[in-house]
1. For region 46-122, with only Lys/Arg (+1) and Asp/Glu (-1) charged at the beta-carbon, what is the dipole magnitude about the Cα centre, in debye rounded to 20?
2. Sorting check: for 23-29, 198-204, which peptide has the highest mean count of neighbouring beta carbons within 10 Å, and how do the rest follow?
3. Taking a quarter of the surface of the convex hull around the Cα atoms of region 55-95, what do you get in nm²?
4. How many angstrom separate the Cα center of region 249-283 from the Cα center of region 76-133?
5. What is region 1-101 by shape, rounded, prolate or oblate, if you read a ≥ b ≥ c off the alpha carbon gyration tensor as root eigenvalues and call it rounded for a/c under 1.5, prolate for a/b larger than b/c, and oblate otherwise?
6. So if each residue of separation counts as 0.36 nm, and I subtract the Cα-Cα distance between residue 224 and residue 45, what length gain in nm does that give?
7. Of the listed peptides 159-166, 96-103, 46-53, what is their order by residue-averaged count of other C-beta atoms within 10 Å, with the highest listed first?
8. Dividing the convex hull volume of the Cα atoms of region 60-185 by its residue count, what figure in Å³ per residue is obtained?
Amino acid sequence: MHDFKAAKLKELKTAKNAEILSLIQSIDEFKCQCSFGDRVQINFKQISPQNTQKIEQIAKSLKPWRKGPFGFDDLIIDSEWRSYVKYNLLKPHLNLQGKVVADVGCNNGYYMFKMLDLAPKKLVGFDPSVHTALQFEFINHFVRSDITYELLGVEHLPNYEHKFDTIFCLGVIYHRSDPVKMLKDLKASLNNGGEVFLDTMYIDMQGDFALCPQSTYSKIPNIYFVPSISALKNWCERAKFRDFEIVATKQTDAFEQRKTEWIDSQSLENFLDPSDSGKTIEGYPAPKRVYVKLKI
């Protein structure tokens, strides 16, 4: 874990990344008001046109923005995903007050910023992406939270310096070649009585089956398994989780995920069969997501 983290920190200091990080750190500490509604919004009490332009320049240099949205006064970072759709599904089931919380695959920290209003004791994000770490540093420069961002993956959790009361692992499991091992790593990282909130794409069919795409699923190359809900439950039982509660299921639609000027690439509309939106471009069933709560 130490060597992996050291390599990531070295990557953070390469020329382009170091330049962006230096620009972020050079921004003056303005008085601002932060709110954590559907959009994480930062409003400045007083800011010069030059600094407004600098903030916009940095934001655009950090494209693509997958998770969000975020706002800086009138500048809106309209991310590919309207991430509040997922968060609002989960929020009625959350009790984070005084808890030590991890967000695994945290991207730029959008969900953790939202969780600040729920008064957790500690928030730690895990994601090996230097790009999203820079986005987090940019937002947190103004929010000034005490969130910890670790350039680590889910496989590093069991050896982390402490365990967690609640772990969020959203949109990660289908990227893992050994999903049961990932679930075991999550379980090993929980305190007694701990819980995991997990979501995955799933195949809407009866039976204990998982789709194993030949090359891509919905144009995504690193998808190993897309399970039925029954198969997902079996994986969780093999990892020795005690409770398996389905919180919600939802079809991914063009309101939640779509192309915007903040990604400069394709999105859901390009991933589906143009003649049948119920199928991916490869001919597989179109993405649906299941959200589950696991306990030990």
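1. Values: 12 positive and 7 negative charges, 77 e Å.
The calculation lands at about 360 debye.
2. 198-204, 23-29
3. For region 55-95, averaging the hull's shadow over all directions gives 3.7 nm².
4. 23
5. oblate
6. On the way: separation 179, 0.36 × 179 = 64.44 nm, distance 4.78 nm.
That pair, residue 224 and residue 45, stretches by 59.7 nm at full extension.
7. 96-103, 159-166, 46-53
8. With only Cα atoms used, region 60-185 gives 119 Å³ per residue.
All of the numbers you see were taken from the coordinates with simple rules; none came from a lab. Quick caveat, the model's predicted, so the values are computed rather than measured. Counting neighbours? That spans all protein chains shown, and the Cβs are built from the backbone with ideal geometry, glycine included.
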